[in-house]
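One structure is given here, and the rest of the page talks about it.
The values are calculated or read from the model by the stated rules, or taken from the named source; none is laboratory data. Computed from a prediction, not measured in an experiment: that's the story for all the values here. Reconstructed Cβ throughout: ideal geometry from the backbone, glycine too, with neighbour counts over all protein chains shown.
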Amino acid sequence: MHHVSKELLAHQFEVGIWLIISAFYIVNVIPLALHGPFNADEGWYLYNAWQTWEGRVPYLDFAFPQPPATLIIHGFFQEFFGPGFYLGRLINAGLSFLAIAAFASASRRLWGVLAGVCTGLILVASPLWLLHSVSVSTYATAALFLGLELLAIAYKRPWLVGFLAVSAMSARLTIAPTALLLFIPIFFTSFRLKTLFQIVAGCICALTIIVAPLAIIAPQKAWINIIGYHTYMRAGLATSSIERHVEVIMPFLQEQYLPVYQWFWIAALVGVILAVRRDRTSGVVSAAILTTVFINALLHATAINATYDVPLIPLLVVAASSGIGFSISSLTSSWQRRAAFTVVAVVCIGILTYSQAFLALGEGEREEGHTNIHRLAQYIQSHTTPDEYIFTPELYVAVEAQRRSLPGSELGRFFYFPELTDAEAQKRGVVNDDLFTQMVTSRHAKYIVVSMAQFWNNVTDHEHQHQLMSVFDKAGYVPVLELQKEHPAIEATRLYERQ
């Protein structure tokens, strides 16, 4: 009876801790969802998800340089509730929470209750993870599938491991090394030929359901978008010498990457060392997880974008929690375990919040605030019919106004490639100078919306920008000045109306 009472108390204590962690997540995530820095890619993802569920086929009908899972998930909810900025962030907040739950559950299954609790606690205390997983992108979706894959590994469900690995890659292809190399732990713990067949069967099943339909409809276009876009954008670095790679990557690591990721890597290395010392089998699994993340992070470094590693953060936390959980559970008395856990919690929250808070509290990238975006969208919506087009690389405006932007602009600020021929640009679903001029002078769009703070990719200077915008005037578009004269004035974004 006494033993049962102790188990019940332990269970109630764990439930209480998880309720606190969940409340902590909600308190942290709501301000970020409502007021966090705005990322123009959010409108790009939401717009393309909306267009997918409106019947347009990704890759065939418009350019999209990512696999389709994010479009499918966000488009599903937009079909019921309508497209909207805050709906997208709410969905991503839910995906982020489910990802935390999946990683924490896997950690608990592999290394015990304390490891699971530490995983959850560290993730909800990380502004870097919360900020970028709530912002609409592929990060939360990819992390969720990786978490579920790790959970399937923990429960030794090989076919589900294969299915979820492909699902993770269908959200974000650049995490393929991690998704595939996570197979290592299941081979290490229970390798049989049957296991390999089950994993392959799971992969084939996911490919058939998620990827095959689009690949069959437009195989060449899918390849050009998902693979070709990224290889084209990074062709210069890819063909450079090793010295050039080092010259470019080292400043990136020192100035952008390590300041925000170093504590995750330090904690993960310490965790793996502690886990190996405590239990060799569990330690090897933890080390294998860390190795997959290291390989993937090394490949990501060539992109010179620190946010690409965001989906890998939970795996670093899992590796750290394995050793932390083992170390705390090895203490002899309950008060020592609770004291050690409290110290770890305070230290983790303090370090992560201090080192990353500026990311969550900063002003973003000089983007227009959502209030002004909504005002622009309302103005456009009230002065157009649902069948009328607008033209804008600022696709968050199109989402809020629920109006389609002219075909060719679906890549947002990355739609403009002046160096391409007409045929090559059309094949890639983008525009060059000639196609841009045709888009504007055709006068199919009633309104044109451009951002003066963040202009288009591949526009080299202000003179080039002015040259492009002069086409608006030649095509008979005039500025709508009333939005700039209102208080507060809309300053970063310009609205042009067809006369």
- Sole exception among (1) crowded, with 17+ Cβ neighbours inside 10 Å; (2) out of contact with any Leu (no Cβ under 6 Å at 6 or more places or on another chain); (3) not basic (Lys, Arg) for Phe391, by number: (2)
- Note on the structure: The one condition Leu376 fails out of (1) outside any helix (DSSP H, G or I); (2) in contact (Cβ under 8 Å) with a residue 40 or more places away in the chain; (3) crowded, with 17+ Cβ neighbours inside 10 Å is (1)
- Hey, Val29 over 18 Å from Gly88 (Cβ atoms) and either modelled with pLDDT of 85 or more or in contact with a helix residue (DSSP H, G or I) (Cβ under 8 Å, 6 or more places away or on another chain) (or both) or not: no
- Message: Which count do you get for residues in the stretch 172-183 that are among the aromatic types (Phe, Trp, Tyr) and modelled with pLDDT of 90 or more?
- Response: 0
- Query: Is there a residue in the stretch 47-54 that is at pLDDT below 90 and in contact with a helix residue (DSSP H, G or I) (Cβ under 8 Å, 6 or more places away or on another chain)?
  - Reply: no
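Would you tally the residues in the stretch 64-85 being in a loop (DSSP other than H, G, I, E, B) and more than 23 Å from Ala168 (Cβ to Cβ)?
Looking only at that region, the number is 3.
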- Filter the stretch 290-335 down to residues that are touching a Pro at 6+ places or on another chain (Cβ under 7 Å) and either more than 21 Å from Ala106 (Cα to Cα) or of a type in the set (A, V, I, L, M) (or both), then give me how many there are. 2
- With respect to Ile249, is the statement that it is part of a helix (DSSP H, G or I), modelled with pLDDT under 80 and either touching a Phe, Trp or Tyr at 6+ places or on another chain (Cβ under 9 Å) or closer than 25 Å to Gln66 by Cα (or both) true? yes
- Going through (1) surrounded by fewer than 21 Cβ atoms within 10 Å (Cβ to Cβ); (2) at pLDDT 95 or above; (3) under 18 Å from Phe62 (Cβ atoms) one by one, Ser405 fails only at (1)
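Here's the yes/no breakdown for (1) more than 15 Å from Leu315 (Cα to Cα); (2) out of contact with any Pro (no Cβ under 6 Å at 6 or more places or on another chain); (3) assigned to a helix (DSSP H, G or I); (4) at pLDDT below 90:
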residue: Leu131; (1), (2), (3), (4): yes, yes, yes, yes
residue: Trp159; (1), (2), (3), (4): yes, yes, yes, no
residue: Gly162; (1), (2), (3), (4): yes, yes, yes, no
residue: Val166; (1), (2), (3), (4): yes, yes, yes, no
residue: Ser170; (1), (2), (3), (4): yes, no, yes, no
- Item | Residue tally, condition farther than 22 Å from Ile380 by Cβ and not hydrophobic (A, V, I, L, M, F, W, C), over the stretch 432-468 | 15
- Query: Could we say that Val471 is touching a Lys or Arg at 6+ places or on another chain (Cβ under 6 Å), of a type outside the set (S, T, N, Q), within 22 Å of Ala398 (Cα to Cα) and at pLDDT below 95 here?
  - Reply: no
- Lone qualifier among Ala93, Ala140, Ala99, Ala152 - being assigned to a helix (DSSP H, G or I), free of Cβ contacts under 8 Å to residues at least 24 places away in the same chain and aliphatic (A, V, I, L, M): Ala152
- Of the residues in the stretch 209-239, those that are at pLDDT 80 or above, in a helix (DSSP H, G or I) and either assigned by TED's automatic domain parsing to the domain that holds Leu420 or over 17 Å from Arg172 (Cα atoms) (or both) come to Pro213, Ile216, Ile217, Pro219, Gln220, Lys221
- Query: Residues Phe103, Phe97, Phe163: which one is farther than 26 Å from Gly350 by Cα and aromatic (Phe, Trp, Tyr)?
  - Reply: Phe163
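Yes or no, residue by residue, for (1) modelled with pLDDT of 80 or more; (2) within 18 Å of Cys118 (Cα to Cα); (3) not polar (S, T, N, Q):
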residue: Asn296; (1), (2), (3): yes, no, no
residue: Thr302; (1), (2), (3): no, no, no
residue: Thr307; (1), (2), (3): yes, no, no
residue: Val310; (1), (2), (3): yes, no, yes
residue: Ile313; (1), (2), (3): yes, yes, yes
residue: Ser329; (1), (2), (3): no, yes, no
- For the subset of the stretch 69-85 comprising residues that are of a type in the set (Phe, Trp, Tyr) and surrounded by 13 or more Cβ atoms within 10 Å (Cβ to Cβ), which member is farthest from Leu207 (Cα to Cα)? Phe85
- Task: Answer with yes or no whether Leu298 is more than 21 Å from Tyr155 (Cβ to Cβ) and either within 28 Å of the chain's Cα centre (by Cα) or surrounded by fewer than 24 Cβ atoms within 10 Å (Cβ to Cβ) (or both).
- Result: yes
- Which residue out of Ile186, Ile242 is modelled with pLDDT under 85, crowded, with 20+ Cβ neighbours inside 10 Å and farther than 15 Å from Phe64 by Cα? Ile186
- Would it be correct to say that Gly88 is more than 19 Å from Ala215 (Cβ to Cβ) and part of a helix (DSSP H, G or I)? yes
